[in-house]
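Input: a single structure, listed below in structure tokens.
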Amino acid sequence: MNLRDLKYLIALADLRHFGKAADACFVSQPTLSTQVRKLEEELGVTLVERAPRKVMLTPTGQDVVQRARRIVADVDQMREAARRSKDPESGSLRLGVFPTLGPYLLPHVVPQLRERFPQLELLLVEEKSDVLLQRLREGRLDAALLALPVHDEQLHTEFLFDEPFVLAAPRGHGLASRTSLGIDELSDETLLLLEDGHCLRDQALDVCRLSGAQEKSGFRATSLETLRQMVAAGVGVTLLPALSVHAPIVQPANIRLVKFDKPAPSRRIGLVWRKSSAMEAFLQQLAGTIGTLARAQLQVD
């Protein structure tokens, strides 16, 4: 058994196709197929169900792939630790970010990160939070920007900043003319929310529970931008994270944004990485830089 064969198996598990997995590993399809077969013979079990148009892992195969991911990640961390001991601010960093944060935070952060860490190759991955957490555990990401709290003993969380929410209401709505409002004033409102799987939905539901507001039935948006357009169309009101209403984001003319009285409802954002990461010292630096930049942007009116 060798590391190369484990990588072949992981590629096959990810792509579910021998040809695509071979291309991803830069080998011929017969080579990959042969090596996976040899791995099965060595272990004495069937790892892959082979069908003409479909590849599936057996239950044992799924378990082996999970273990293989950890082994490959540990070896990568070993190499990374050796490399970063020579040049801690260079190399690649696979950074995850969730969809209701990435487009609004990264434009304010990435240019400064490139200036601060000119030798760093930043590889960004945007996915929902549960996907990012899974990839982080598997070693497919080095770190992720996530909403806190994150409960996982394998992971370290570094708090970065609190991001307040603002109320987005269509012009003519009863709350649209207010300069600020208390959270209890939402008690008679029905809010437009995102579909399941978005952490912003869970955060907005927490605000609903605190304020007594309800979710608007029969509608769940697929993205924050859909929410914004539905408010502009007069369908209802919603909560938007503060970074999503800062320049250069342009708000539709029909939307009015209302701040909450302090303490405003907010979400806590942190940088999360594996406790075993070889990048610990560098990630601490990165967290400090991102947190400082984000807090500075949130202070801009």
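The values are calculated or read from the model by the stated rules, or taken from the named source; none is laboratory data. In this text the structure is predicted, and so the values were computed from the model without any measurement. Reconstructed Cβ throughout: ideal geometry from the backbone, glycine too, with neighbour counts over all protein chains shown. All accessible areas refer to the heavy atoms of the entire protein, side chains included, with ligands and DNA or RNA removed. Shrake-Rupley method; radii C 1.70, N 1.55, O 1.52, S 1.80 Å.
Report, for the chain, the % of DSSP beta bridges that are antiparallel, rounded to 5. Before the final figure, lay out the partial values.
Values: 25 of 41 bridges.
Counting DSSP beta bridges with both partners in the chain, the antiparallel share is about 60 percent.
For the chain, take the longest principal axis of its alpha carbons; what is the angle in degrees between that and the long axis of helix 59-86, to the nearest 10 within 0 to 90? Taking Cα atoms only, the helix is inclined about 80 degrees.
A viscosity of 0.692 mPa s and a temperature of 37 °C, combined with the Kirkwood radius over C-alpha pairs in the Stokes-Einstein formula, give the range 226-301 a diffusion coefficient of 215 µm²/s.
Between LYS275, LYS20, LYS128, the residue with the greatest mean-square fluctuation in the GNM of the chain (Cα pairs under 10 Å linked by springs) is LYS20. With only the Cα atoms considered, the chain has a convex hull volume of 163 Å³ per residue.
Summed over the residues of the range 3-80 and divided among them, the accessible surface reaches 59 Å² per residue at a probe radius of 1.4 Å.
Cβ neighbours within 10 Å, averaged per peptide: list 23-32, 218-227, 95-104 in order, most packed at the top. Mind dumping the intermediate values first?
Working: 23-32: 14.4, 218-227: 16.0, 95-104: 21.9.
In descending order of packing, they fall as 95-104, 218-227, 23-32.
Scanning residues 5 or more positions from THR46 or on other chains, none has an amide H under 5 Å from its amide H, with H placed 1.01 Å from N in the peptide plane.
Using the Cα gyration tensor of the range 57-147, with a ≥ b ≥ c the square roots of its eigenvalues, what is the shape: rounded (a/c below 1.5), prolate (a/b larger than b/c) or oblate (neither)? The shape class here is oblate.
Using a simple charge model, +1 on the beta-carbon of Lys and Arg, -1 on the beta-carbon of Asp and Glu, nothing else, what dipole does the range 3-80 show about its Cα centre, in debye to the nearest 20?
Working: 13 positive and 11 negative charges, 52 e Å.
About 260 debye.
Rolling a 1.4 Å probe over the protein heavy atoms of the range 3-80, with every protein chain left in place, gives an accessible area that is 53 percent carbon and sulfur. With all pairs of separate Cα atoms included, the range 250-289 yields a Kirkwood hydrodynamic radius of 14.1 Å. Relative to the longest principal axis of the Cα atoms of the chain, the long axis of helix 199-211 makes an angle of roughly 30 degrees.
Where a ≥ b ≥ c are the square roots of the eigenvalues of the C-alpha gyration tensor, would you call the range 96-183 rounded, which needs a/c under 1.5, or, failing that, prolate if a/b is larger than b/c, or oblate? Walk me through the numbers on the way to the answer.
Working: a/c = 2.62, a/b = 1.73, b/c = 1.52.
Prolate.
Taking a 30 Å limit on the Cα-Cα distance, which of the listed pairs LYS54/LYS128; LYS54/LYS275; LYS7/LYS275 fall beyond it? Please list the in-between numbers first.
Working: LYS54/LYS128 27 Å; LYS54/LYS275 37 Å; LYS7/LYS275 23 Å.
As for pairs spanning more than 30 Å Cα to Cα, those are LYS54/LYS275.
Counting only helical runs of four or more DSSP H residues, what would the 222 nm mean residue ellipticity of the chain come to if each run contributes -39,500 (n - 2.57) and the total is spread over all its residues? Don't jump to the answer; show the numbers that get you there.
Values: 9 runs with 129 residues, N = 301.
Rounded to the nearest 500, the figure is -14000 deg cm²/dmol.
Once you order the gyration tensor axes a ≥ b ≥ c over the Cα atoms, which shape class does the range 57-106 get: rounded for a/c under 1.5, otherwise prolate or oblate by comparing a/b with b/c? Because a/c hits 1.5 or more and a/b fails to exceed b/c, the range 57-106 counts as oblate.
Reducing the range 106-154 and the range 41-93 to their Cα centroids gives an inter-centroid distance of 20 Å. For the range 3-80, the spread of Cα positions along the three principal axes, ordered from largest to smallest, is 39, 26, 19 Å.
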